[in-house]
Every structure is written in C-alpha cells, then in structure tokens.
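Values in this text are rule-based calculations from the coordinates and carry no lab data. None of the values given here were measured: they were computed from a predicted structure. Positions of Cβ are backbone-derived with ideal geometry, glycine not excepted, and every protein chain shown enters the neighbour counts.
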Amino acid sequence: MMAPKEETVRNPSFFLVLFCTIALINYVDRGALNAALTNLQAGMCLSTAKSGIVVSSFTVGYIAAAPLFAHLAGTPAFAGKAFRLMGFGLLCFSLGSLSSFACTTLGASGFYPLLVARALVGVGEAAFLVLAPPFIDRVAPDGSKGLWLALFYATIPFGMAIGFGVGGFLGGAGYYTVIFLLDAALMCPFILLALGAPAAWEAAGAAPPQATDHAEPFWAGPVKLLQQPTYVCLAMGYACYTFTIGGFSVFAAQFLQYTY
C-alpha cells in the first residue's frame with residue numbers, strides 16, 4: 001500500500017485502488033447497519049420510526065458537510081491538500097463508529113447520542129466522497145476517466161451487498177455492535193495514510209491553479225447551481241431515486257426478518 005512517491009505518481013492506478021478500497025468500507029458500514037437494524041432496534045428498545053431516524057441521521061451529517069468540504073477544497077488555504085481533508089473526514093468516520101459502539105451499550109438512553117455519532121460518520125464520509133472523484137478524474141488517463149469513475153462508483157452496490165452479508169451474520173450471532181468496531185478498525189490504516197500523504201500524492205491530483213486563485217464565497221456555488229434548470233431536475237430526480245432505494249434497503253430487510 002505504501003508505494004514510493006515516484007512509483008505512485010508513475011502509476012496513478014494506485015490512487016484508484018486506494019480510493020475504491022476506502023469507499024468500499026464506507027458502504028459496507030451502510031449495508032451492515034441496515035441488515036442489523038432489527039437487532040439494534042431490539043437491543044436499544046427502539047420503535048420502527050426511531051430505527052429509521054438512526055439511519056437517516058447519517059444522511060443529515062453527510063448533507064451538511066458535503067458542500068463545506070467541496071468549498072474548502074477550492075480555497076487557497078486548502079488548495080492541494082485533498083488528502084489532508086480526506087484524512088480528517090476518515091478520522092470523523094472512525095470516531096463516529098467508535099461512538100456508535102459506545103452508544104449501543106447504553107440501551108434506550110443511548111438513542112440521542114447515537115444520532116450524533118451516526119451524523120459524525122456522515123460528515124466523515126462526505127469529506128471523502130466529495131474529494132475523491134475529482135482527484136480520480138485528474139489522475140486518470142485521458143481515455144479512461146469514465147471507466148475509472150465507474151469503477152469507483154461500483155463500490156456502492158458491492159459495498160452495500162458485502163455489508164448486508166456481514167451485518168446479517170453478526171446480527172444473527174448476536175454481535176451486531178461489533179460492526180461499529182470493525183468499521184473503525186478497518187479505517188485506521190487509511191487515516192494514517194491520508195494524513196501522512198507525501199507532497200507528491202497531493203500534487204498528483206491538485207486542481208489547476210486558476211481553479212483556486214479566485215475562490216468564490218461559500219454561497220456562490222449553490223446559488224449558481226440552483227439557477228440551472230437541468231441541474232435542478234437531475235438533482236430532484238436523483239433525490240426521488242435515493243428516497244425510494246434508501247427506504248427499501250432499510251425496511252425491506254426488516255420486513256423479511258419479521259415475516260420469515
């Protein structure tokens with residue numbers, strides 16, 4: 001994993017493998033929680049509504065943090081420091097996972113702390129998933145940019161599927177809280193790797209200078225996007241898709257467990 005700087009720059013596929021592995025861990029976390037949600041609900045005495053809120057709290061943290069990290073990456077203070085920002089995000093992910101483990105041992109009294117912990121996981125995932133795709137786009141060969149991004153986003157269904165298997169196995173064995181410890185442990189090496197990334201790694205995926213010399217205010221980007229009808233339609237359509245798939249992935253598993 002720790003390839004020499006020169007070797008890494010000459011072989012940008014290293015970054016693709018690295019980012020795909022991290023993304024896989026992120027999505028394993030989501031799938032595992034969904035599969036073990038029935039166990040979590042019983043262990044913490046949660047209603048169906050509260051169990052859904054636990055899952056949704058991750059999204060709240062993600063939505064709040066994603067625009068912020070995207071803006072920071074384009075400011076002069078953080079230009080060329082994508083790995084540092086991602087490392088901070090992965091640290092939030094790991095701390096949120098450890099906090100989630102602690103909250104699940106408190107029973108019903110751990111519900112509200114668990115919401116905060118899961119929101120922190122969302123903040124961490126936002127930092128990585130906002131910054132990794134542009135980095136991949138910059139280091140990928142000209143004829144393979146679409147393929148590389150497709151491979152990166154393929155980690156969504158693969159990670160979710162693996163997570164469902166892991167969560168179902170651990171939940172069935174009565175060790176659903178181990179999921180959170182496993183997430184935190186798997187992410188630790190990548191935290192160290194990102195925070196200690198050499199300058200050559202940062203330079204490999206740095207944005208062109210003109211993109212960061214005149215950084216816009218935080219609010220300017222969203223305002224411009226909201227003025228684009230095509231973007232708004234696509235975003236709303238994807239929101240509907242996410243709403244449907246998200247609800248199904250959470251409660252379909254519970255329906256199967258309760259029914260069969």
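Think of it as helices only: each DSSP H run of n ≥ 4 in the chain is worth -39500 (n - 2.57), and spread over all residues that comes to -26500 deg cm²/dmol at 222 nm.
For the chain, find the longest principal axis of its Cα atoms and tell me its angle to the long axis of helix 111-139, 0 to 90°, nearest 10. Tilt relative to the chain: about 30 degrees.
If Lys and Arg each add +1 and Asp and Glu each add -1, what is the summed charge of the other residues whose beta carbon sits under 13 Å from the beta carbon of Gly159? Residues near Gly159 contribute -2 overall.
Have a look at Ser51, Ser99, Ser144 and tell me which one the Gaussian network model of the chain (Cα, springs below 10 Å) gives the largest fluctuation. It is Ser144. Considering only Phe101, Phe218, Phe19, the mean-square fluctuation computed in a Gaussian network model of the chain, springs between alpha carbons under 10 angstrom, is largest for Phe218.
Which pairs in the list Lys145/Lys224; Lys50/Lys81; Lys50/Lys145 are over 31 Å apart, alpha-carbon to alpha-carbon?
The answer is Lys50/Lys81; Lys50/Lys145.
Show me 85-93, 196-204, 231-239 ranked by packing, highest mean number of other Cβ atoms within 10 Å first.
Most protected by this proxy first, the peptides run 85-93, 196-204, 231-239.
Could you tell me how many degrees, from 0 to 90 and to the nearest 10, lie between the Cα long axis of helix 229-259 and the main elongation axis, the longest principal axis, of the Cα atoms of the chain? The helix 229-259 is inclined about 30 degrees to the chain.
State the label only: which of (1) 58; (2) 38; (3) 44 corresponds to percent of Cα pairs over 26 Å apart computed from the shown model? Calculated percent of Cα pairs over 26 Å apart: the matching label is (3).
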